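K.L.:
Just dropping this structure here.
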Amino acid sequence: MSEPRIGVVYNMAPQPPSEADTRWFPAGVLTIGVEYRDVNPEDLLELYKDDPAQLAELLEKSPEGGFSDNGVSIHVSGTEDGHEYLRFDVFEDEPHYHYIHNTAPEEEIVNNVVTFDTFAFGDMLPVAIGWLRDRLPEMLPRAGGGHLVEGLDPAALGIVIDQLEEVARTAQDDLRRAHRIGFEPTQPDH
């Protein structure tokens, strides 16, 4: 990679989206998913248990007690190759986003995780939606998705982003209400 890496660099792919909890929106060369996620140390240990190198890295870079958070994730994947290039984890405690580089199987995995500054930007969801609308041509190449930029269809993306914004806001509102009054969030229709 010739560009400087930003954020925390992991040599392991992030936890994949749960198909049961993700609603996918096709938008030409991209397919974008919205998922409610509850990340916990137990699920992460189970995911990486059969890969000693990735498990060691997870344990080395985990905070005390392990990674634990919840919120809405927005997955930006190539429609044709299925690779997730960008992820926006609009989490309650530690919102962040990923540049997930599409590397050949024999190469090192490069997963840049960048902390979102809530003091400067406020709630991450409207910012992430704005980046989807206005910054994909700049962000995709940072994750090795530059070949997708020419095929972006702004009209199709605009329609999809409107739809996924509604689903993401509903999931986020459900989550926040659940934490205040103790009920389970509703899952989006698939």
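K.L.:
What is the chain's relative contact order, in percent, from Cα pairs under 8 angstrom and six or more apart in sequence?
P.N.:
Once divided by the residue count of the chain, the mean separation gives 24 percent.
K.L.:
Under a plain spin-label model, where a point goes 7 Å from the Cα along Cα-to-Cβ, how far apart in nm are R169 and V8?
P.N.:
In this crude spin-label approximation the distance works out to 3.2 nm.
K.L.:
On to the next question. In debye to the nearest 20, how big a dipole does the range 8-180 give about its Cα centre with +1 on each Lys and Arg Cβ and -1 on each Asp and Glu Cβ?
P.N.:
Magnitude of the dipole: close to 500 debye.
K.L.:
Label points 7 Å out from Cα along the Cβ direction at D51 and S18: separation in nm?
P.N.:
Going from the D51 label point to the S18 one covers 2.0 nm.
K.L.:
If you don't mind, there's one more thing I want to ask. If you stretched the chain out fully between R133 and D153, how much longer would it get, using 0.36 nm times the residue separation minus the C-alpha to C-alpha distance?
P.N.:
Extra length available between R133 and D153 comes to 6.1 nm.
K.L.:
Using a Gaussian network model of the chain whose springs link C-alpha atoms within less than 10 Å, name the residue from R177, R133, R37 with the highest mean-square fluctuation.
P.N.:
Per the Cα network of the chain with a 10 Å cutoff, R177 tops the list.
K.L.:
Give me the base-10 log of I(q)/I(0) for the chain at each q in 0.10, 0.12, 0.15 Å⁻¹, Debye formula, one uniform scatterer per Cα, rounded to two decimals.
P.N.:
-0.40, -0.58, -0.94
K.L.:
For P137, what charge total do you get from the other residues with a beta carbon under 14 Å from its beta carbon, if Lys and Arg give +1 and Asp and Glu give -1?
P.N.:
The answer is -1.
K.L.:
Related question: Label-point separation (nm) for T79 and E92, each offset 7 Å from Cα along Cα-to-Cβ?
P.N.:
Placing both labels 7 Å beyond Cα along the Cβ direction yields 3.6 nm.
K.L.:
Only Cα pairs within less than 10 Å get springs; with that Gaussian network setup on the chain, which residue of R176, R142, R23 has the largest fluctuation?
P.N.:
Comparing R176, R142, R23 in the GNM, the peak value goes to R176.
K.L.:
Could you work out [θ]222 nm for the chain from helices alone, using -39500 (n - 2.57) per DSSP H run of at least four and dividing by all its residues? Round to the nearest 500 deg cm²/dmol.
P.N.:
Dividing the helical sum by the residues of the chain leaves -10500 deg cm²/dmol.
K.L.:
Could you calculate the FRET efficiency of E64 with D117 from 1/(1 + (r/R0)^6), where r is the beta carbon distance between them and R0 is 22 Å, rounded to 0.05?
P.N.:
That gives a FRET efficiency of 0.45.
Where a number appears in this text, it was derived from the coordinates with a stated rule and is not lab data. What you see is a predicted model, and the numbers here were worked out from it, not measured in a lab. Neighbour counts are summed over all protein chains in view; Cβ atoms, including those assigned to glycine, are modelled from backbone coordinates with ideal geometry.
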